[in-house]
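What follows is a set of notes on a single structure, which appears directly below.
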Amino acid sequence: MVDQFKEKEGIRRFLRLRFRIGRLLTGIACIAAGAGMIIAFLLLARYDKIHTANTTPEPFDAFKKSKDCSVQIQMLAGPFASTQNDELNFYWGYGIMMEPVILLFRGELPESCQALLEYTQNFDTAASPEPVTLRGHSAAIEIAYLYDYALESYQAMWGLDSIELYEFKETVATCYLDTAELTWVKKLPWYATFLVYILPAVLLVMGVSTCWRYLIQKKWEYRKLSLLSEKEIQAAVQQLAGASEFKPRSRIYLTADFVITGNYQFDIIPYKRIAYFKETGGFFMAVTADDKTHIILSSRHKKLDRVPWLIPLEHVLEELIKDAKREGEQDAVISGN
């Protein structure tokens, strides 16, 4: 009965040390959080699209910014300004009361506006088309040369004498209608876009990276354990049941024949195979006779000399190694006899 209890306790400790799933759960949580945020943002985008479709926009005001507005135009002239690749094109539109409106179209002009443009260019001969309602958001004119082009084209169109810029701003427009749909993300403050684009990506990268490191670590642990015989692993499990942690929460156990560690990664190292110890990069490691390196302790991003119990650990290990090698020599002598 006692032996069964020890065996179960040894297996329980063995599994707890080997399958330290905190890092894996952290990675899965990061992936779930990142994916959850993306799904939530997609649902918000869908809701915003439906909400916008069912909401009546406010009338366009050439002197006030607005996130959702519309205007009905019956004439269209231009473009009077464009980017080099014609991606952004500014036109003059005229409403039902012939009020001037600066319009921004992205890419090609919509088909619904082509007839208005032809009608404006051939006013005397073309048939009057139906007015077109354009919806978008009102943005302030912040580029100086856009004012220059708008003022020059406005004067030329109506054959006006020179108009001062301040007069233009007071009587014609200080804002233009951007006909591109304003997505819900663009309605947010600039710093809020961090939550939409950067944070989910960071969480996903962190999650995938953490899970990948966990799997790589388990692969290395499996390779290290494959160096042990089945008999040695069984002995380690049995001895683990009656062993105590060298230091609370250190996850290092010193049994009769093995140092069993789960401090950084899980490993079982027979004392008789250890050739020497070395310290590098915040790790305290044992090097075996076959030149394999085994990490016993990680200092967790601080210098090893800040681990107060490292020197006592090293001294105890050295004594255990001496005893194990002495017993091995005695066994060899007995078997020889």
Quick one: Cα convex hull volume of region 234-317, Å³ per residue?
92 Å³
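State the extension gain, in nm to one decimal, for the chain segment bounded by Ala29 and Ala144, taking 0.36 nm per residue of separation less the distance between their alpha-carbons.
The span from Ala29 to Ala144 would gain 36.5 nm if fully extended.
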Given the candidates Ser298, Pro312, Ile31, the one whose Cα lies deepest towards the positive end of the charge dipole of the chain, counting +1 at each Lys or Arg C-beta and -1 at each Asp or Glu C-beta, is Pro312
Through the Karplus equation 6.51 cos²θ - 1.76 cosθ + 1.60, θ set to phi - 60°, convert the phi angles of region 8-13 into ³J(HN,Hα) values in whole Hz; use x for Gly and Pro.
5, 5, x, 5, 4, 5
Compute the FRET efficiency between Lys219 and Arg326 as 1/(1 + (r/R0)^6), taking r as their Cβ-Cβ distance and R0 = 51 Å, and round to the nearest 0.05.
0.90
Crossing angle, helix 199-225 versus the chain [Cα axis fit, 0-90 degrees, rounded to tens]:
20 degrees
Thr133 to Lys247: extension gain in nm, 0.36 nm per residue of separation minus the Cα-Cα distance?
33.4 nm
Straight-distance crosslink candidates among lysines, where the alpha carbon sits under 28 Å from Lys65 and sequence neighbours closer than 8 are dropped:
Lys49, Lys169, Lys186, Lys187
What fraction of the DSSP beta bridges in region 42-155 is antiparallel, stated in percent and rounded to the nearest 5?
90 percent
Determine Rg/Rh for region 1-157; Rg is computed over alpha-carbon atoms and Rh is the Kirkwood hydrodynamic estimate from the same atoms.
1.46
Can you give me the % of accessible surface on the chain that is carbon or sulfur? Probe 1.4 Å, all protein chains present, nothing else counted.
57 percent
Compute, for region 73-163, the length of the dipole vector about the Cα centre, with Cβ point charges of +1 (Lys, Arg) and -1 (Asp, Glu) only. Units Debye, rounded to 20.
200 debye
Segments 80-88, 146-154 sorted - mean Cβ within 10 Å per residue, highest first
146-154, 80-88
Out of Gln114, Asn54, Leu17 - ranked by how far each Cα lies towards the positive end of the dipole of region 1-116, with unit charges on the beta-carbon of charged residues - the top one is Leu17
MRE, 222 nm, helices only [DSSP H, n ≥ 4, -39500 (n - 2.57), over the chain, to nearest 500]
-15000 deg cm²/dmol
Rounded to the nearest 20 debye, what is the charge dipole size of region 206-289 about its Cα centre when +1 sits on each Lys and Arg Cβ and -1 on each Asp and Glu Cβ?
200 debye
Taking every pair of alpha-carbon atoms in the chain, give the share separated by more than 26 Å as a whole percent.
67 percent
Can you list the aspartates and glutamates whose alpha carbon is less than 20 Å from that of Lys302, not counting same-chain residues fewer than 8 positions off?
Glu279, Glu314
Evaluate the distance, in nm, between pseudo-label points positioned 7 Å from the Cα of Ile39 and of Val316 along their respective Cα→Cβ axes.
4.7 nm
Please give the length that would be gained between Tyr197 and Thr171 if that part of the chain were fully extended, namely 0.36 nm times their separation in residues minus their C-alpha to C-alpha distance (nm, one decimal).
5.3 nm
Setting aside same-chain residues fewer than 8 positions from Lys292, which lysines have a Cα under 20 Å from its Cα?
Lys218, Lys219, Lys224, Lys272, Lys278, Lys322, Lys325
So how tilted is helix 22-53 from the main axis of the chain? Cα-based, degrees 0 to 90, rounded to 10.
10 degrees
Taking the alpha-carbon centre of each part, the distance from region 36-74 to region 236-274 in Å is 64 Å
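The values are calculated or read from the model by the stated rules, or taken from the named source; none is laboratory data. These figures come from a predicted structure and were not determined experimentally. When we count neighbours, we look across all protein chains shown, and the Cβ atoms used for this are built from the backbone with ideal geometry, even at glycine. Accessible surface is based on the protein model in full, side chains and every heavy atom, while ligands, DNA and RNA are left aside. Shrake-Rupley method; radii C 1.70, N 1.55, O 1.52, S 1.80 Å.
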